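Engineer: A single structure is presented below for examination.
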Amino acid sequence: MRKLWELAWPPVRDGDILRAARERMLNIMAITVAVLGGFAGALNFVENIEVYPVQASAGLVIPLSALSIPLIARSPRLVKPAGIALCVALYLLVTGMIGTIGGMYHPAAIYFVGLPVPAAFLIGHRSGLVAALLCCLTMLLLYSVGGPGGLIENPFENDISAYQVGWTTVVLVIITLGVGIAASVFQHELEGAGRALDQARQSANAANRAKSDFLAGMSHEIRTPMNAVLGMAQALEQADIPDAHKRQAETLARSGRLLLRLVNDVLDLSKIEAGKLEIEATRFNLADVAGTVEALYGPAAREKGIGFSIALGEGAREDLIGDPVRISQVLNNLVSNAIKFTAEGEVRVEIDCERAASLPGRDIRITVRDTGIGIAAPDVERLFQPFTQAKPGTARTFGGTGLGLAICRRLCELMSGEIAVDSTPGSGSTFRVRLRVDPADTAAPVLDCGCPSALCDTALRGQRLRVLAADDNLTNRMVLKALLADVTETLVMVEDGQQALDALASGDFDLVLMDSQMPVLDGITATRQLREREAAAGRAPVPVYAVTANVMQTHINEYVSAGMTGVIAKPISREALLEVLGQHTRDAAMPAATRRSA
């Protein structure tokens, strides 16, 4: 029923309001002609089928053929050729029918009046004028050769006088010209407005692409100094320095991570609006995601003196296929907001997974309850609008940009889910999230480093690796050296991909960290050449990780196709580095047969 309604009253598609208006007008005309003309044609068919079978059938086909107009108008590629075919067929049918019976005495002559309308809207505004002139000339010709004693057989001459037919012909000619001119002018205006709309759309798309490119470029440029700020702060946190200085380093790192989160939010929103954000399909476990969130926000909740707990349902303990990074992003945002807006009481998180309505999918159910300030009903919908918060003073009191929940809603939609909130001012809020994922294949490997990052540091000190790092930025090389100097046996720093290839040819390394954008030879090209050398020499490939700020899915696909092992995003996290090194430390210590079976 809904499809029939949309066929009769087309919705606005791709923001093209003018096209929808034209289609709706054509459809109203077509349905009107089909219903009223079909009724008249049916009466004529019953009355004349025995004497004039061909003409009686044509009188029924002509109005019913108007029902093809809604189908023609739906396809832009078919509109013009199908419109020409339809208009020519209708003209020939009407002319042939009344040209053999009655001429202008025949009531079907009124169909000439409507013919300029589909000609103008389906073919073009000039075609409407041509069709109007052609129909007028045809009516005048039929009038001149018809009538009593004329060339056309006329069974209607006893029902209507020649005087009446003459005036009827004049009126029909005037109306046809008026309809043709009106339809042509209206279609001409629509075409002009459509061209202006297309130009505006192209300009908007170009501006949107420019904005996305600018944000991506600025993100890369901001991440480079942020890498130095966060990297050095993490190095100071691990250094043997006075407690006062360590607290200062922790403050520096916390502020840097906040700034990085704002940059990531803006970049995520721009990618979502540009349709470039893709959802990954990776094996993960909700318990791991919940554990990370608890470790991240538990201390913050205790510091505020509020309760914080995460309850996992039985269904949340199975392995799933989805995007754990984006699921964590949604959960982190909701938990962070709950803690931020709760001064006393508790924040409780419930996570479960159940069979979806369409098997074999799974629906992740996340509920975040807090006893915070709550939200008034009129302000609830504003929460999910970009750069908007519940009240104007919220940003001054609690901070934030108003991007988090807007991104959460978009991410939920991308994962075939939804987000909703129930809230009472002064009594707290409850956010409910549903996300669609798939069950994991039991034969698929679990993509995990296998140990908590806190333990990787200890494991690495027992067996250190020989690491080669290539980055053209001096600050980035200093950060890598500060983060890895005490957990690697050998750390060689080079400035471009060619120097990395030279170092690999003359030395033996367990791991390579490669920036993607470097002069002389970029990291992607260097990795391709390295893989070619290894294949030619019959050597096992050395693990190569892209250390880069460009971590969009298109970039990651390019790294993988070049032969890179994985990606470490900038700003560099010490934990991420330790997990990568810890993984390869265990692989190096594992017997070959065990590694193959794993």
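Engineer: List every residue pair whose Cβ atoms lie under 7 Å apart, where the two residues are 6 or more positions apart in sequence or sit on different chains, the first residue falls within region 70-85 and is within 16 Å of E191 (Cα to Cα), and the second residue, located anywhere, is outside any helix (DSSP H, G or I) and at pLDDT below 85.
Structural biologist: Listed pairs, sorted by first residue: none to list.
Engineer: Could you check V492 against (1) farther than 24 Å from T554 by Cα; (2) crowded, with 21+ Cβ neighbours inside 10 Å and say which number it fails?
Structural biologist: All conditions pass for V492, except number (2).
Engineer: How many residues are modelled with pLDDT under 85, among the hydrophobic types (A, V, I, L, M, F, W, C) and touching a His at 6+ places or on another chain (Cβ under 9 Å) when one looks only at region 173-215?
Structural biologist: Qualifying residue count, region 173-215: 1.
Engineer: Right, here's the next one. Can you find, within region 151-193, the residue that is farthest from L140 (Cα to Cα) among those that are small (G, A, S) and surrounded by fewer than 16 Cβ atoms within 10 Å (Cβ to Cβ)?
Structural biologist: Checked region 151-193; the qualifying residue farthest from L140 (Cα to Cα) is A193.
Okay, residues lined up against (1) assigned to a helix (DSSP H, G or I); (2) small (G, A, S); (3) within 44 Å of the chain's Cα centre (by Cα):
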{"residue": "N44", "(1), (2), (3)": "yes, no, no"}
{"residue": "E47", "(1), (2), (3)": "yes, no, no"}
{"residue": "A66", "(1), (2), (3)": "yes, yes, yes"}
{"residue": "I84", "(1), (2), (3)": "yes, no, yes"}
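Engineer: Restrict the check to region 502-511 and report whether at least one residue is in contact with a Lys or Arg (Cβ under 7 Å, 6 or more places away or on another chain), under 25 Å from L236 (Cβ atoms) and outside any loop (DSSP other than H, G, I, E, B).
Structural biologist: no
Engineer: So A162 ticks every box in (1) out of contact with any Pro (no Cβ under 9 Å at 6 or more places or on another chain); (2) under 11 Å from M104 (Cα atoms); (3) not hydroxyl-bearing (S, T, Y) but one. Which box is left unticked?
Structural biologist: Only one criterion is unmet by A162, namely (1).
Engineer: I would also like to ask the following. Please work out if F308 is of a type in the set (F, W, Y), in contact with a Phe, Trp or Tyr (Cβ under 7 Å, 6 or more places away or on another chain) and in contact (Cβ under 8 Å) with a residue 60 or more places away in the chain.
Structural biologist: Numbers: of a type in the set (F, W, Y): yes; in contact with a Phe, Trp or Tyr (Cβ under 7 Å, 6 or more places away or on another chain): yes; in contact (Cβ under 8 Å) with a residue 60 or more places away in the chain: no.
Considered against the rule, which asks whether it is of a type in the set (F, W, Y), in contact with a Phe, Trp or Tyr (Cβ under 7 Å, 6 or more places away or on another chain) and in contact (Cβ under 8 Å) with a residue 60 or more places away in the chain, F308 comes out as no.
The values are calculated or read from the model by the stated rules, or taken from the named source; none is laboratory data. Because the structure is predicted, anything quoted here is derived from the model rather than measured. All Cβ positions, glycine included, derive from the backbone under ideal geometry; neighbour counts span all protein chains shown.
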